[in-house]
Amino acid sequence: KELPTVLLIHQINRHEGAWTILPLMTDLSVTYGRNTSWIFFCEEDTRIQVVKLLETLRRFDKSKEWFLGKALYDEESTIIHHYAFAENPTVFKFPDFAAGWALSIPLVNKLAKKLKSEPLKSDFTIDLKHEIALYIWQKGEGPHLTPVPEFCTDDVSSHKADHCATTFSNFLPLCVISILIKFLVFTNHCFAVPVVKQTWEREAAHIEYYSDYADISIPTIDLGIPNTDRGHCGKTFAILERFLNRTSPRTPWLVVVDDDTLISIFRLRKLLSCYDPNEPVFLGERYGYGLGTGGYSYITGGGGMVFSRTAVQKLLASKCRCYSMDAPDDMVLGMCFSGLGIPITHSPLFHQARPMDYPKDYLSHQIPVSFHKHWNIDPVKVYFTWLAPNTEESRNGKKVGFNREDL
């Protein structure tokens, strides 16, 4: 009878933590609590068949509390979910945002009321989809996620998509033919450098390694700042200074990674081709700290931190610096950029953990750019299974069917 109202999260609420969705519940309840049946959340690449979506939602009594989505679950307990449900993590389901998920208005109103009396207390936001499901579940007193088969992440052209109310577009566009990227690698004891050299270094035209001593065999560069056990904020800022002062202005992008980060440079170039390096861009996997109490978002370092030259210029022109040399660099950078009014640019294609730490169904519709950590895996095998360029991918830029084992 009428088109649905489409809202963009950053326009509903310009608060730093609006992307975590739960802080929006009060606004949604006040504005739509009396004349709406459902709030449906999706990502920008989710494709929606509106009529099919309405038909699907009509199966559920809108006067009751419903939490609907495509269900994901951990096959084994994982650090990114704080080892939740360690005895059997498969019992807890959380939604795949790419397929879209829905809350009935009675549940939105209930959440808004609860948030008003009990503000969010979590210091860190790490995996939003899991944390939202935990909050709604309320230790078993709230609704579980109800799986809906019509919420899909199949490609719209797939024969599997005929029954779907939602589908998902999973390709990387190419906006500019050629871009230059400088890669800077942190290494403490050089144990993982051979992996970098066997995998993604061959795709990087401009790469430097930094350690607490110079090793001509790699070679590493000694910045004169010792390695620390907690964080390496001092070293990161020294690297940013070096990039700005000793790299050609014609190199518009800087990527800072750990030596145990695996990265697809081919995909990263395509991703960055659609961003303007003349803008202050700070990109990677977004986490949050203290967002309910005036905190900030930041790019988690393990998955890789991407800076435009303009972002580095604006950061170093400010007075924001490390509060200690061993402070966590990624969090300090997030705090600095937040203070400068420069937003974090999130991409779910960067990963702070290993492929085995994510649900298979979640990764199946992704074209990942990075993974992190080498615990109990063959990192070279992970790279060539998940991240290495191949002929078909190079030819048409779309995701192809890799032979992905359990890694």
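The values are calculated or read from the model by the stated rules, or taken from the named source; none is laboratory data. Just so it is clear, the structure is predicted and the values come from calculations on it, not from any experiment. All Cβ positions, glycine included, derive from the backbone under ideal geometry; neighbour counts span all protein chains shown. Surface accessibility is based on the protein's heavy atoms, side chains included, excluding ligands, DNA and RNA. Shrake-Rupley method; radii C 1.70, N 1.55, O 1.52, S 1.80 Å.
Filter region 92-126 for residues that are at pLDDT 95 or above, within 24 Å of A353 (Cβ to Cβ) and out of contact with any strand residue (DSSP E or B) (no Cβ under 6 Å at 6 or more places or on another chain); which is least open to solvent (accessible area, probe 1.4 Å)?
F92
Where residues in region 178-187 are in contact with a strand residue (DSSP E or B) (Cβ under 8 Å, 6 or more places away or on another chain) and in a loop (DSSP other than H, G, I, E, B), which of them is most open to solvent (accessible area, probe 1.4 Å)?
Among residues in region 178-187 that are in contact with a strand residue (DSSP E or B) (Cβ under 8 Å, 6 or more places away or on another chain) and in a loop (DSSP other than H, G, I, E, B), the one most open to solvent (accessible area, probe 1.4 Å) is L180.
Working carefully through the options D330, D276, find the one that is assigned to a loop (DSSP other than H, G, I, E, B) and not aromatic (F, W, Y).
D276
Determine whether L8 is touching a strand residue (DSSP E or B) at 6+ places or on another chain (Cβ under 8 Å), within 30 Å of S157 (Cβ to Cβ) and at pLDDT 90 or above.
So L8 fails the test.
Residue-wise test of (1) surrounded by 14 or more Cβ atoms within 10 Å (Cβ to Cβ); (2) modelled with pLDDT of 90 or more.
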residue: F168; (1), (2): yes, yes
residue: V176; (1), (2): no, no
residue: H189; (1), (2): no, no
residue: V196; (1), (2): yes, yes
residue: I218; (1), (2): yes, no
residue: G231; (1), (2): yes, no
residue: R242; (1), (2): yes, yes
residue: N245; (1), (2): no, yes
residue: V255; (1), (2): yes, yes
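Can you tell me which residue is modelled with the lowest pLDDT among those in region 152-162 that are in contact with an Asp or Glu (Cβ under 8 Å, 6 or more places away or on another chain) and open to solvent by less than 80 Å² (accessible area, probe 1.4 Å)?
Applying the filter and picking the extreme gives A161.
Counting only residues that are open to solvent by less than 30 Å² (accessible area, probe 1.4 Å) and within 26 Å of P277 (Cα to Cα), which one in region 198-215 is nearest to the chain's Cα centre (by Cα)?
W200
Pull up region 136-151, narrow it to residues that are under 28 Å from Q352 (Cβ atoms) and assigned to a strand (DSSP E or B), then point me to the one that is most open to solvent (accessible area, probe 1.4 Å).
Applying the filter and picking the extreme gives P147.
Would you check which residues across region 156-174 are part of a loop (DSSP other than H, G, I, E, B) and within 21 Å of the chain's Cα centre (by Cα) and list them?
The answer is S169, N170, L172, P173, L174.
State which residue is least open to solvent (accessible area, probe 1.4 Å) when the search covers only region 4-19 and only residues that are in contact with a Leu (Cβ under 9 Å, 6 or more places away or on another chain) and in a helix (DSSP H, G or I).
Only one residue tops the list, namely A18.
Does E141 satisfy the criteria of being in the same structural domain as R59 (by the TED database), at pLDDT 85 or above and on the phi < 0 side of the Ramachandran plot?
The answer is yes for E141.
How many residues does region 97-106 contain that are touching a helix residue (DSSP H, G or I) at 6+ places or on another chain (Cβ under 6 Å) and not in a helix (DSSP H, G or I)?
0
Going by the structure shown, is A133 touching a His at 6+ places or on another chain (Cβ under 7 Å), among the aliphatic types (A, V, I, L, M) and not in a strand (DSSP E or B)?
It is false that A133 is touching a His at 6+ places or on another chain (Cβ under 7 Å), among the aliphatic types (A, V, I, L, M) and not in a strand (DSSP E or B).
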